[in-house]
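**Q** Got a structure for you, questions after.
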Amino acid sequence: MAHAFNNALEQLATAAHYTEIHQAVLARLQKPERVIQHSLPIVMDDGTTQVFDAYRVQYNNARGPFKGGVRFHQNVDLNEVKALSFWMAIKTAVVNIPLGGGKGGVVVDPKQLSRAELERVSRAYARAFAPYIGPMQDVPAPDVNTNAQVMAWMMDEYEQVVGHSAPGVVTGKPLELGGSEGRGAATAQGGFYVLQELLQHVGKQANNTSVAIQGFGNAGMHMAQLLETAGYRIAAVSDSGGGVAAADNASLVVADVIQHKNKTGSVVAAPSTTDISSEELLELPVDVLVPAALENQITDTNADRIKASIILELANGPTTPQADVVLHKKGVIVVPDVLANAGGVTVSYFEWVQNQHGYYWSEAEVLDRLLPIMVDAFSDVWNITKTDGVNMRTAAFVLAVSRLEAAMQSRG
């Protein structure tokens, strides 16, 4: 996915037009600090050996240790991981937490692996990259197709390599191994806080706001639950198998859809719904569209058919730069991924802090600490949007780049 990193660099170039960034800083931000690649030979259950390509990109650590997820997906490639690591460096700067940006990935379809094979891949990744990760160096986390169990295996393997306890080497762990309360719903919770702030600024109320969510994994599912509880109308949701829509002006019963997905593996054919495609979901006449799946879902080929007035990006990179231009001209407010889904990395930061101190917070404390960070980040981005007359993505990048530049210049 060479276009993913090209998109990231295009976003950086656009932001550079609106801030007086030093040429040397801009040049450094156009390339990652380190790219590491390993081959992971794995003995499969049938006794054969398969070799999986694995990556870790450490983009920038001027503001703190590298931070970013590890995804297991058959379409992972180096350019995608570079783009994601760059966006993470931007994201941590937008919410002003003392971490940098990194990302990792393994080219593997985990749906084709047994649990034992998945554990071997996870441990092999941690062992291969152990010299380059650590609580004060680079802190991986869950991403697409990885979860708390994968992080537990990686942490355990890393500790075996270094010979001492190191719970802060990864975040997104199970609670019993030093994970944080509130981490599972953190991405959605942060996005929910941001959406609530935005609605106040544009004069809309939750009870007359309809939402369609593309992607019904962890982030999309939690977002649907939060929105339903707050009184939003959930018009449609979709996953990799397809989508479902509620009847006209009705709302999906989220618990019923979740129960159906847990039973069948997909939201498709959930009770009292109409089947639609994920592509059709993107073009529904709703107030808010929440892309919570993969990259490049909204492009210049379908942006002109988007009817939502607000797009809240819970996924990383769901909107291409070309689509951004079209949407901006249409007056669509796009809340960018580097702000909208930053609740996840913020609570990962909380987990890392708790691991460093060996003192743990309640879920209420976690959410109380998350709210002002997300509200302040939204306010900072929104003010730049209004002052410079740019869209929210450019405003977020202007904010982040200015903070990265300040840190890099302070370091000399």
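**Q** What ranking do 343-353, 239-249, 311-321 get when scored by the average of other Cβ atoms within 10 Å per residue, highest first?
**A** Packing proxy ranking, top to bottom: 343-353, 311-321, 239-249.
**Q** Let me ask something additional. Can you tell me the dipole magnitude for the chain around its Cα centre, using point charges on the Cβ only (Lys, Arg +1; Asp, Glu -1), in Debye to the nearest 20?
**A** Numbers: 30 positive and 42 negative charges, 148 e Å.
Result for the chain is approximately 700 debye, rounded to the nearest 20.
**Q** Helix-derived [θ] at 222 nm for the chain: sum -39500 (n - 2.57) over DSSP H runs of at least 4, divide by residue count, nearest 500?
**A** -15000 deg cm²/dmol
**Q** Something else about it: What's the exposure ranking of F5, F66, going from fewest to most Cβ atoms within 10 Å?
**A** The fewest-first ordering by Cβ neighbours comes to F5, F66.
**Q** If packing is taken as the average number of other Cβ atoms within 10 Å across a peptide's residues, how do 130-136, 81-87 rank, most packed first?
**A** Averaged packing, sorted descending, gives the order 81-87, 130-136.
**Q** Stretch A230-R411 to full length: gain in nm at 0.36 nm per residue minus the Cα-Cα span?
**A** Taking 0.36 nm per residue and subtracting the Cα distance, the gain is 60.7 nm.
**Q** Normalised by the residues of the chain, what does the relative contact order come to in percent, with Cα pairs under 8 Å and at least six apart?
**A** 16
**Q** Holding the Cα-Cα limit at 24 Å, pick out from K329/K386; K82/K386; K31/K386; K82/K329 the pairs that are longer than that.
**A** As for pairs spanning more than 24 Å Cα to Cα, those are K82/K386; K31/K386; K82/K329.
**Q** Sticking with this structure for a sec: Determine, for each peptide in 110-117, 177-184, 41-48, the mean count of other beta carbons within 10 angstrom over its residues, then list the peptides with the highest first. Write out the running numbers ahead of the final one.
**A** Numbers: 110-117: 13.6, 177-184: 21.5, 41-48: 10.9.
Ranking, from highest mean packing down: 177-184, 110-117, 41-48.
**Q** Let me ask something else about it. In what order do Y359, Y59 fall by count of nearby beta-carbon atoms within 10 Å, going from fewest to most?
**A** Arranged by neighbour count, lowest to highest, Y359, Y59 become Y359, Y59.
Every number here is computed from the coordinates shown, using simple stated rules; none is lab data. Source: prediction; values computed, not measured. Here Cβ is always computed from backbone atoms with ideal geometry, including for glycine, and neighbour counts include all displayed protein chains.
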